[in-house]
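Since the structure comes first, as structure tokens, the remarks are kept for the end.
The values are calculated or read from the model by the stated rules, or taken from the named source; none is laboratory data. Everything quoted here is computed from the prediction, not taken from an experiment. No Cβ is skipped: glycine too gets one built from the backbone with ideal geometry, and neighbour counts run over all protein chains shown.
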Amino acid sequence: MTISTLTFQTNALAEMEALQTALTRTQTELSTGSKLPNAAANPAAMSQVNQLNMTLSASQQYVSNGSAVSSALQLEQAALTSATNTLQSARDLAVEANNSALSLADRQDIATQLTQLEQALLGAANATDAGGNYLFAGTASGTQPFAQTGGAVSYQGASQVNQVQISADQSVSAGDAGNAVFMNVPTGNGTFTTAVGAANSGSGSIDTGSVVSPAAWVPDTYTISFTSPTQYQVTNGAGTVVSSGSYTSGSAITFNGIQVTVSGAPATGDSFTVAPAGKGSVFATLSSLITTLNSGSLTSAQLTTQVGAAIQQIDNALSGLNNVQASVGGRLNAITTVANNAQSDQTQLQGAISQLSSTDYAAAVTQLSTQELALQAAQASYASIAKLSLFNYIP
């Protein structure tokens, strides 16, 4: 087969150009560390790398979100611990005050200490982060959540809290709204409340009671009236007698699935009230307790009943704070678990990206040597063959 000089030169130059292009690409890989300098180098691999980078970026953002929420929740946990310690101190003082041997001056001294604790509790409820954002204001983090006017504390924050995504399929609450933490405490024993009649003249007091049969409890306002120092009857809101019996100090009075204990010596005509429980503010509980201890007009029975009710209310608040702390702890654990899993996933993603895009230096150096030899051989071959001509053989 005859090959023209033009064809030979065209083919040889094209081959050397291809070898030079491949050599340049390998040199670029070695100098940049990437075998995907652009999409044209390997469109399929570049598409995979772009998708993996998007997944990696999202994972890193989720971890960043979790870190920010974790910092906020740790601050909230510290504030809740402070509030718990404050309320425990208030409870200890209430137990100390529930002693008939104390004088009015003694009780007023305790009331002064409770006033200081109330302010400390208000400070914990209005705690902020380093940026001045209120921890218990819900989504209204720039608004001071609790304001005190006279002896009343009101909530001015939001009821909703921000939800932050910490993984592709999991979000957590970034905090807790203060109205749920401090203003939504069950009154009484959580089912009903008890009270001493304001006009009572005897020494009878009533405890906070308990539920013995939830199914039998009928929410209503009941009045326990003493027809004599040793006889009582219980009427409902309509005035219908639902129970009656003989009274012995310290014995339980049971009706409609609940029981209460009256202690002391009630006088004829004395009464006690049992009413459905509601929700109340822990600040109102402390304020009411302070008022009770500062009063010089309450009977011993009224004082004992009201202080006992305050202790029960503080216990309810402490239980609520413990539940919130448990919730915060659960969220912190979830963030840690998700972050650990994300770290493992990110390592795998980075490995896959590297495998697709990063240069294998050992293989690239070998390939470069091979390409250099091939190019040199092609150039030498071309130079040698290009010298061939029939004129060299004509004498």
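Cβ-Cβ distance below 6 Å, separation of 6 or more or different chains: which pairs start in the stretch 281-303 with a residue that is touching a residue at least 12 places away in the same chain (Cβ under 8 Å) and end on one that is in a helix (DSSP H, G or I) and among the aromatic types (F, W, Y)?
Between residues of the stretch 281-303 that are touching a residue at least 12 places away in the same chain (Cβ under 8 Å) and residues that are in a helix (DSSP H, G or I) and among the aromatic types (F, W, Y), the close pairs are V282/F182.
Would you say A326 is among the aliphatic types (A, V, I, L, M) and at pLDDT below 95?
Working: among the aliphatic types (A, V, I, L, M): yes; at pLDDT below 95: no.
No; evaluated as a whole, the condition is false for this residue.
Just need a number here: residues in the stretch 124-144 that are closer than 15 Å to S82 by Cα and without any contact (Cβ under 8 Å) to a residue 24 or more places away in the chain.
The number of residues fulfilling the criteria is 2.
Per-residue answers, yes or no, for (1) free of Cβ contacts under 8 Å to residues at least 12 places away in the same chain; (2) in contact with a helix residue (DSSP H, G or I) (Cβ under 8 Å, 6 or more places away or on another chain); (3) among the charged types (D, E, K, R):
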position: Q61; (1), (2), (3): yes, no, no
position: S64; (1), (2), (3): yes, no, no
position: S70; (1), (2), (3): no, yes, no
position: A90; (1), (2), (3): no, yes, no
position: Q156; (1), (2), (3): no, no, no
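Given the conditions (1) among the aliphatic types (A, V, I, L, M); (2) more than 22 Å from S281 (Cα to Cα); (3) without any contact (Cβ under 8 Å) to a residue 40 or more places away in the chain; (4) not in a loop (DSSP other than H, G, I, E, B), report the number of the one that A147 does not fulfil.
Among (1) among the aliphatic types (A, V, I, L, M); (2) more than 22 Å from S281 (Cα to Cα); (3) without any contact (Cβ under 8 Å) to a residue 40 or more places away in the chain; (4) not in a loop (DSSP other than H, G, I, E, B), the lone unmet condition for A147 is (2).
For the stretch 127-144, give me each residue that is in a loop (DSSP other than H, G, I, E, B) and out of contact with any helix residue (DSSP H, G or I) (no Cβ under 6 Å at 6 or more places or on another chain). Steps first, answer last, please.
In the first step, residues of the stretch 127-144 are kept if they are in a loop (DSSP other than H, G, I, E, B); the result is 127, 129-133, 135-144.
Of everything in the stretch 127-144, those that are in a loop (DSSP other than H, G, I, E, B) and out of contact with any helix residue (DSSP H, G or I) (no Cβ under 6 Å at 6 or more places or on another chain) turn out to be A130, G131, G132, N133, A137, G138, T139, A140, S141, G142, T143, Q144.
Closer than 30 Å to A79 by Cβ, outside the structural domain of E76 (by TED's automatic domain parsing) and not aliphatic (A, V, I, L, M): is that true of T208 in this structure?
Working: closer than 30 Å to A79 by Cβ: yes; outside the structural domain of E76 (by TED's automatic domain parsing): yes; not aliphatic (A, V, I, L, M): yes.
Taking the combined requirement at face value, the residue satisfies it.
Inspect all residues belonging to the stretch 99-106 and state whether any of them is at pLDDT below 95, in the same structural domain as S59 (by TED's automatic domain parsing), buried (at least 16 other Cβ atoms within 10 Å of the Cβ) and not in a strand (DSSP E or B).
yes
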